[in-house]
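Before any comments, here is the structure.
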Amino acid sequence: MHGSQLMTYAMKRYTKKLSPLIWLLPLGIIALLFGYNSIQEVPKIEEVPREQLMDYLLEGNERFAEDHPLHPDQTLDRLRELNRGQHPVAAVVSCSDSRVPPELIFDQGLGDLFVIRNAGNIVGDYEIGSLEYAIEVLEVPLIIILGHTNCGAIGAFVDQDHDHSHVYSEYIQKIIDFIDAEEEEKALPRDIPNFFEKAVEANVLHGVHTIKKTIPNVDSLIQQKKLRIVGAVYDLETGKVNILKED
């Protein structure tokens, strides 16, 4: 067989091997374009009407939970833009737990969220001061108190509630005592099987109630629909944020 015939034969064999895969090419192009268009259709968070902000953040959380985050506004250009000033659209009080970063959970970027973190997502004096700043100066229209499943601070409270033999250091004990003093925690029956879960929720609701009772003009802002305060729990197993309903 001559060289040219060998080349032709080899090309035919190569083409034959590839032919079952050729039909996948246009599908790949379509999928790529569809994905690109989907990304383009997601509006910037500052363009979202305030009454739709919570839904927008939950859509970001859904992307995160499904392992398809967009990671918006995380560039150096965005950072330089923010050097001129910040305009976050929501304030979030969350736990310091390394597994609970609000910007990642809600699939947001630099400058989008004003985040206050501490062990147990407690709303005390310093947190209230930060939230007042967020409301009065930054004019955020949304506040989220974000607890999470398997919270270590709530776990320590639950353990001590059942067994007082364990001795914690002074400042950890202050966190436990703070949670223990919350009226929402005191109202929980101690013999329920899901006491830990309900204690997490009660602590979140305490934060919501404290903001409404403590920060001036909050009721007026809520009535005027200029401010919304939401309690939520992040599930470490599913990655999803679930909104709590107040009693």
### Summary
Scanning region 84-98 for residues that are modelled with pLDDT of 95 or more and loosely packed, with under 14 Cβ neighbours inside 10 Å, the one farthest from I222 (Cα to Cα) turns out to be S98
#### Entry: Output for region 37-68, where each listed residue is hydroxyl-bearing (S, T, Y) and at pLDDT 80 or above
Y56
### Query
Can you name the condition, by its number, that A181 falls short on among (1) under 17 Å from G124 (Cα atoms); (2) buried (at least 16 other Cβ atoms within 10 Å of the Cβ)?
(2)
### Query
Which condition number in (1) touching a helix residue (DSSP H, G or I) at 6+ places or on another chain (Cβ under 9 Å); (2) assigned to a loop (DSSP other than H, G, I, E, B) is the one that Q86 fails?
(1)
### Query
Can you find even one residue in region 172-194 that is within 27 Å of E62 (Cα to Cα) and in contact (Cβ under 8 Å) with a residue 60 or more places away in the chain?
no
### Y168 of a type in the set (F, W, Y) and either modelled with pLDDT under 95 or touching a Gly at 6+ places or on another chain (Cβ under 6 Å) (or both)
yes
#### Entry: Filter result for the condition that a residue is at pLDDT below 95, of a type outside the set (S, T, Y) and surrounded by 19 or more Cβ atoms within 10 Å (Cβ to Cβ), over G111, G120
G111
### Query
Within region 4-19, is there a residue that is at pLDDT 80 or above and out of contact with any strand residue (DSSP E or B) (no Cβ under 9 Å at 6 or more places or on another chain)?
no
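The values are calculated or read from the model by the stated rules, or taken from the named source; none is laboratory data. These figures come from a predicted structure and were not determined experimentally. Ideal geometry is used to build each Cβ from the backbone, glycine not excepted, and the neighbour counts take in all protein chains shown.
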